[in-house]
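To keep things clear, I will list the structure first and then write my remarks on it.
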Amino acid sequence: MGLENSVDLDKVYKLFGVCAHHCSNIEYNMALLLHPAKWNKHRARLDSKKQEMKNVDIKEWYAAYKNFEEALDNAGQDIEDLYNKSLGNLIKQVNDNYPLTDEQNKYLRDILEKRNFVIHKMWGSTADVLRMRRL
């Protein structure tokens, strides 16, 4: 019986899948937590572009509208980029944008350490995994 057919190994893979899913949920929710901070970062520019649309005559309105739309797209892209950031980067951004207590910072560092263990170190190197499968 090889490891591929092991009932115990199937249980480990299922547990790993659950852990990886929880890690993904943490990253997703950290990105959601940063949405308001990103909107605030772009707010002054968006308000300025919106005001420009109100202050131009009809001949210049379309160009002003395109400028506003571009600024809005930049804000949207900045928010969308959050979902491609590492958990460590997201935690740094949360620390930069929200006043966290020492206890909250420690909690986030602990989450990052545990997530990195599960995702990066739990199985060892690829060579170790392949060697185990040949046994």
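The values are calculated or read from the model by the stated rules, or taken from the named source; none is laboratory data. Values in this document were obtained by computation on a predicted structure and should not be read as measured data. Glycine gets a Cβ as well: all are built from the backbone with ideal geometry, and neighbour counts include every protein chain shown. All accessible areas refer to the heavy atoms of the entire protein, side chains included, with ligands and DNA or RNA removed. Shrake-Rupley method; radii C 1.70, N 1.55, O 1.52, S 1.80 Å.
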**Item:** Tally, over the stretch 49-79, of residues that are more than 14 Å from the chain's Cα centre (by Cα), of a type in the set (D, E, K, R) and surrounded by 13 or more Cβ atoms within 10 Å (Cβ to Cβ)
**Value:** 3
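Being at pLDDT below 95 and either of a type in the set (Val, Ile, Thr) or surrounded by 11 or more Cβ atoms within 10 Å (Cβ to Cβ) (or both) narrows it down to one of LEU82, LEU32, LEU130, LEU112, so name that one. Before the answer, list the steps.
Numbers: LEU82 fails: at pLDDT below 95; LEU32 fails: at pLDDT below 95; LEU130 fails: either of a type in the set (Val, Ile, Thr) or surrounded by 11 or more Cβ atoms within 10 Å (Cβ to Cβ) (or both).
The match here is LEU112.
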**Asked** What are the residue pairs meeting all of these: first residue in the stretch 20-41, first residue over 9 Å from LEU82 (Cβ atoms) and of a type in the set (Asp, Glu), second residue part of a helix (DSSP H, G or I) and open to solvent by 70 Å² or more (accessible area, probe 1.4 Å), Cβ atoms under 9 Å, and 6 or more apart or on different chains?
**Response** GLU27/TYR83
**the stretch 88-109, subset without any contact (Cβ under 8 Å) to a residue 60 or more places away in the chain and not in a helix (DSSP H, G or I), residue surrounded by the fewest Cβ atoms within 10 Å (Cβ to Cβ)** = PRO99
